[in-house]
Amino acid sequence: MRVVVTGGAGFIGSHYVRQALTGAYDSLADAQIVVLDSLTYAGNEQNLAPVKDSPRLEFVRGDIRDVELVREVLRGADAVVHFAAESHVDRSIVGAAEFVSTNVLGTQTLLQAALETEVGRFVHVSTDEVYGSIEHGSWPEDHPLEPNSPYSASKASSDLLARAYFRTHGLPVCITRCSNNYGPYQYPEKVIPLFVTNLLNGKRVPLYGDGGNVRDWLHVDDHCRGIQLVLDRGRPGEIYNIGGGTELTNKELTGLLLEAVGADWDMVEYVPDRKGHDRRYSVDITKISTELGYRPAVPFTEGLADTVRWYKDNRSWWEPLRKRAGLDE
Ligand code: NAD
């Protein structure tokens, strides 16, 4: 079996690849894993260092918008798991063009190549942000899409293209929409690694608005297990929400991170709210639970403690990234 993993050098994609190559997923025990990643600022070959010597890993540095290359990489592939994207909301507010180009055009390029090369399975990794913001209750998969940021709008577009390739051409696509991921190897611009690494460097942390925005937290390992269930047994053309079951306000999350690092509230700086900031995300995971037996397995307190420990123990991974991003001298 040959599985192409786009964005496999990023945070979630690299976790999926490390797990696939170390026996976590039975159906991929002998699979050849081909990572297709252009190594943007968010992509990092170091994320694959633990499995770099695996004879089952092939790394192709390339862009998902490159029609010829994508067709070549997908030829002979049995499945595609599509993670590659521009993924940071704040960057999409400063400049949306790259988000539209990579997330929309890149996804269409992959879908078209998958169709032409007759790939048997395609999992498109989307996000709960495509639903917009919800005050009460949780979104089922058939809720209308009402994205509010250029990032989520570009993801909604790619999500709809994936659906259209199933409806129009019968391409066997499944779509997953997950909540906020956390875990090791997450680029230090996202809230948990940013706050932890700031605090470890004695810097204050920027808390948006009143800190009351609510997010559902999902450990990256649970997310990747959910994706694998969908790859193995998801019904073509279907959408599956994947959630973690731990909803916290950003203020509550900040309190837990301060405690984990041994810092006080005077390390928190309230900053003006993000433009168009969604108030609350919450996915209903009934469908993936009943159809595919998914259940988040990592308790949040444990997962968060392990994650903070990982950042404490792996300065050599994040220090160069923070320097390059201008966060530290
Ligand atoms: P990330 O930013 O850490 O990684 C993205 C990867 O894609 C990087 O390795 C980058 O080099 C690669 N990439 C970007 N543009 C590319 C291009 N044009 N061609 C080839 N490769 C390219 O992202 P992540 O947090 O690992 O997210 C992975 C996927 O999951 C994304 O599709 C994202 O929208 C989705 N998602 C993430 C979260 C989260 O909490 N991180 C939540 C919901 C959904």
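Laboratory data are not the source of any read-out in this text; all were calculated from the coordinates shown. For clarity, every value in this text was computed on a predicted model and none was experimentally measured. All Cβ positions, even for glycine, are placed from backbone atoms using ideal geometry, and neighbour counts span all protein chains on display.
What the table shows:
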{"item": "Selection count where residues are under 27 Å from L200 (Cβ atoms) and assigned to a helix (DSSP H, G or I), scope the range 255-297", "result": "10"}
{"item": "Filter pass, E238 being surrounded by fewer than 19 Cβ atoms within 10 Å (Cβ to Cβ), free of Cβ contacts under 8 Å to residues at least 40 places away in the same chain, closer than 26 Å to P147 by Cα and within 20 Å of the chain's Cα centre (by Cα)", "result": "no"}
{"item": "The lone exception for Y131 - which of (1) crowded, with 22+ Cβ neighbours inside 10 Å; (2) within 11 Å of the ligand (Cβ to nearest atom); (3) among the hydroxyl-bearing types (S, T, Y) it fails", "result": "(2)"}
{"item": "Among residues of the range 74-111, those that are without any contact (Cβ under 8 Å) to a residue 60 or more places away in the chain and more than 15 Å from the ligand (Cβ to nearest atom), counted", "result": "2"}
{"item": "Neighbours by Cβ (under 6 Å, 6+ apart or cross-chain): first from the range 19-45, touching a residue at least 60 places away in the same chain (Cβ under 8 Å); second of a type in the set (D, E) and more than 14 Å from the ligand (Cβ to nearest atom)", "result": "S27/D232"}
{"item": "Inter-residue pairs, beta-carbon under 6 Å, first among the polar types (S, T, N, Q) and in the range 138-165, second not in a helix (DSSP H, G or I), 6+ apart", "result": "S138/S282; S138/V283; S138/D284; N148/G132; N148/G276; N148/D278; S149/G276"}
{"item": "Whichever residue in the range 17-62 is more than 18 Å from the chain's Cα centre (by Cα) and among the acidic types (D, E) and, among such residues, is farthest from the ligand (Cβ to nearest atom)", "result": "D30"}
